[in-house]
1. Scan region 119-144 and report the pairs whose first residue is among the polar types (S, T, N, Q) and whose second residue is not in a helix (DSSP H, G or I), with Cβ atoms within less than 6 Å and a gap of 6+ or a chain change.
2. Given the criteria surrounded by fewer than 18 Cβ atoms within 10 Å (Cβ to Cβ), touching a helix residue (DSSP H, G or I) at 6+ places or on another chain (Cβ under 9 Å) and of a type in the set (K, R), does R88 qualify?
3. Inside region 139-161, can you point out the residues that are in a helix (DSSP H, G or I), closer than 13 Å to I92 by Cα and open to solvent by 50 Å² or more (accessible area, probe 1.4 Å)?
4. Taking the condition of being over 19 Å from S112 (Cβ atoms) and open to solvent by 30 Å² or more (accessible area, probe 1.4 Å), how many residues in region 52-62 meet it?
5. Identify the residue in region 14-33 that is farther than 16 Å from I75 by Cα and among the aliphatic types (A, V, I, L, M) and, among all such residues, is surrounded by the most Cβ atoms within 10 Å (Cβ to Cβ).
6. Looking at (1) closer than 17 Å to N147 by Cα; (2) surrounded by fewer than 17 Cβ atoms within 10 Å (Cβ to Cβ); (3) in contact with a helix residue (DSSP H, G or I) (Cβ under 8 Å, 6 or more places away or on another chain), can you tell me which one T11 breaks?
7. Suppose the filter is exposed (fewer than 15 other Cβ atoms within 10 Å of the Cβ), over 24 Å from A170 (Cβ atoms) and either modelled with pLDDT under 95 or small (G, A, S) (or both); does K81 pass it?
8. Consider A175 carefully, then state whether it is crowded, with 17+ Cβ neighbours inside 10 Å, closer than 12 Å to C118 by Cα and modelled with pLDDT under 95.
Amino acid sequence: RPPRSTLFPYTTLFRSYVGNLGHMHDWETLAQALPGVAIRVGSQRLAVVISATGPHVPKLRDALTPFIPEQVRFIDSLPDKDWAWLLRRTDIALVTLARPAGLTSIPSKVFSAMAAGCALVVVAPESDLRDLVERHECGITVEPGDNAGLELALGNLILNEDERFALIGAARRAASQYDTSVLSKRWMEFLSVVSATSGFEASRFPGREG
């Protein structure tokens, strides 16, 4: 795992972006908003860790380094064990989607962050991702390109401990609904209903009974 001293020696809680930062993801809004967040909350309250791969990582690094070099750490993508370690020390997880991706994608990192107990700050268009966060009331959503909105939302959440803890609790409660065992059971129930209403008979396929 990354030594704490190579991240931020003054805090054990991070605001993190983990995973891919590719063509499906909005990096520009992060680049425009984060320097303003540092001014709003004070430099030592920001502590952003970017543990990501993808073509937009160098762009985000180049955009942020001149403004907040001490408040953002870029580290390589981590193995699963160390990735889990980072999420457990993250109180706010940053997730983004570019506009076209809202029609087709929901990042799996969202469910990992919820299970780890992270409040979500999501930059995304109207999408399943936004619907999920708003339905479970486990985070804050802003539109891509709404730099002022992200600056305000993230800044206020960092400063408001009660709101942050409420979102963290909601994320943990919601995460249990997306456990693979729960989802598998739902799929089996759904397929049973489809089978019953369509006249499908499993016995017609050798080896597929039941």
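The values are calculated or read from the model by the stated rules, or taken from the named source; none is laboratory data. On a predicted model such as this, the values are computed, not experimentally measured, just so you know. FYI the Cβ positions are ideal-geometry reconstructions off the backbone, even for glycines, and counts take in every protein chain you see. These area figures cover heavy atoms from the full protein model, side chains too; ligands, DNA and RNA do not enter into them. Shrake-Rupley method; radii C 1.70, N 1.55, O 1.52, S 1.80 Å.
1. T141/V122
2. Values: surrounded by fewer than 18 Cβ atoms within 10 Å (Cβ to Cβ): yes; touching a helix residue (DSSP H, G or I) at 6+ places or on another chain (Cβ under 9 Å): yes; of a type in the set (K, R): yes.
When the stated conditions are applied, R88 passes them.
3. N156, L159, E161
4. Of the residues in region 52-62, 5 are over 19 Å from S112 (Cβ atoms) and open to solvent by 30 Å² or more (accessible area, probe 1.4 Å).
5. Applying the filter and picking the extreme gives L30.
6. Here T11 clears every test but (1).
7. Numbers: exposed (fewer than 15 other Cβ atoms within 10 Å of the Cβ): yes; over 24 Å from A170 (Cβ atoms): yes; either modelled with pLDDT under 95 or small (G, A, S) (or both): yes.
So K81 passes the test.
8. Working: crowded, with 17+ Cβ neighbours inside 10 Å: yes; closer than 12 Å to C118 by Cα: yes; modelled with pLDDT under 95: yes.
When the stated conditions are applied, A175 passes them.
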